[in-house]
1. Sort 13-19, 2-8 by the packing proxy (mean of other Cβ within 10 Å over each peptide's residues), most packed first.
2. When the Karplus curve 6.51 cos²θ - 1.76 cosθ + 1.60 is applied with θ = phi - 60°, which whole-Hz ³J(HN,Hα) does each residue of region 21-34 get, with x for Gly and Pro?
3. Please compute the net charge surrounding Leu55, taking Lys and Arg as +1 and Asp and Glu as -1 over other residues with Cβ under 15 Å from its Cβ.
4. Relative to a virtual label point 7 Å from the Cα of Trp19 in the Cα→beta-carbon direction, which members of region 121-164 show backbone nitrogen distances below 15 Å?
5. Would you please give the FRET efficiency between Tyr47 and Ala120, computed as 1/(1 + (r/R0)^6) with r the Cβ-Cβ distance and R0 = 25 Å, to the nearest 0.05?
6. Please list, in chain and number order, the residues 5+ apart from Leu118 or on another chain whose amide H is under 5 Å from its amide H, with Hs placed from the backbone.
7. Only Cα pairs under 8 Å and at least 6 apart count here; give the relative contact order of the chain as a rounded whole percent.
8. Could you tell me which chymotrypsin sites (Phe, Trp or Tyr not before Pro) in region 106-178 are loop residues by DSSP with no more than 13 other beta carbons within 10 angstrom of their beta carbon?
Amino acid sequence: MMQPDSRQRYGSVSRFLHWTMAVLFGFMLFTAAAWNYDEDYFSLVGYHKSAGFVLMVLALLRVAWALGNRTRRPRSHVGAHIGHGVLYVLMLAVPAVALMRQYGSARGSLEVFGITVLPAAPERIGWLVKAGGWHGSLAWLLFALAAGHILFAVVHQIRGGKIINRMAGRTETDGQSR
Ligand code: HEM
Ligand code: HEM
């Protein structure tokens, strides 16, 4: 069901996107951590690229859905609002600069689970490769902010804010007329 958001809770579409993407981000962290631990695991990069591309498509859908629901989402204080905004920018920028590097390096097309989604440039394009140099640092920044985000959510939940119920489970107002 394509349930929209409301002031009390995120609807099914927002929840699906939030939790599917959270799991996929976990996978991205796992692959990067694995090859930083032992470079043999760089063999996982094909899966990293495929999952990263899927994440970019989901992030675009999520931005569109967030904009469409912006007048009826749960309210949060200005700090959380800015934090979520920065997460959105990074969720788009991290895979985008990776795609720029992939194209500009002219080393091969991008395959997503065996399907070519982006060809390689006919010859190397220096500035695209340079932009791609930001991929790793922006990604680590994204993971650090996501860790802070999770911590805030849990602390808030324990202190009585019950904000996790907006993104999972039921809220106190569920079942009442809205
Ligand atoms: C939101 C999605 C993505 C996240 C969170 C992410 C995260 C990361 C992280 C943390 C690293 C390790 C950086 C380091 O070792 O310092 C990395 C490396 C890498 N990623 Fe991604 N990535 C994403 C999407 C993509 C996509 C779509 C591609 C392919 C087009 C890609 C290709 C690579 C490559 C080739 C490397 C190794 C070179 C480098 O460190 O920059 N990634 N990624
Ligand atoms: C265990 C992991 C996570 C928990 C417990 C969690 C919890 C939450 C909660 C409770 C909200 C609602 C906040 C409110 O109503 O003010 C929320 C929203 C949000 N979360 Fe998470 N989160 C997790 C992982 C992530 C990750 C990995 C990302 C992105 C990298 C993320 C990005 C967002 C964003 C952008 C929002 C704003 C609503 C939206 O546009 O979807 N979350 N999260």
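Since every read-out is calculated from the coordinates, none of them should be taken as a lab result. Just so you know, these numbers come straight off a predicted model, no measurement behind them. Glycine gets a Cβ as well: all are built from the backbone with ideal geometry, and neighbour counts include every protein chain shown.
1. Numbers: 13-19: 16.6, 2-8: 14.4.
Those peptides, ordered most packed to least, come out 13-19, 2-8.
2. Rounded to whole hertz, the list is 5, 4, 5, 5, 4, x, 5, 4, 5, 4, 5, 5, 5, 4.
3. Numbers: positive: Lys49, Arg62; negative: none.
Here the charged neighbours net out to +2.
4. Counting only backbone N, you get 164.
5. Values: r = 20 Å, r/R0 = 0.79.
Given R0 = 25 Å and the Cβ-Cβ separation, E is 0.80.
6. So Leu118 has HN proximity to Leu110.
7. Working: 187 pairs, mean separation 39.2, N = 178.
Normalised by residue count, the contact order of the chain is 22 percent.
8. On the way: sites: Phe113, Trp127, Trp134, Trp140, Phe143, Phe152; in loops: Phe113, Trp134.
Taking region 106-178 and a limit of 13 other Cβ atoms within 10 Å, the loop chymotrypsin sites (Phe, Trp or Tyr not before Pro) found are Phe113.
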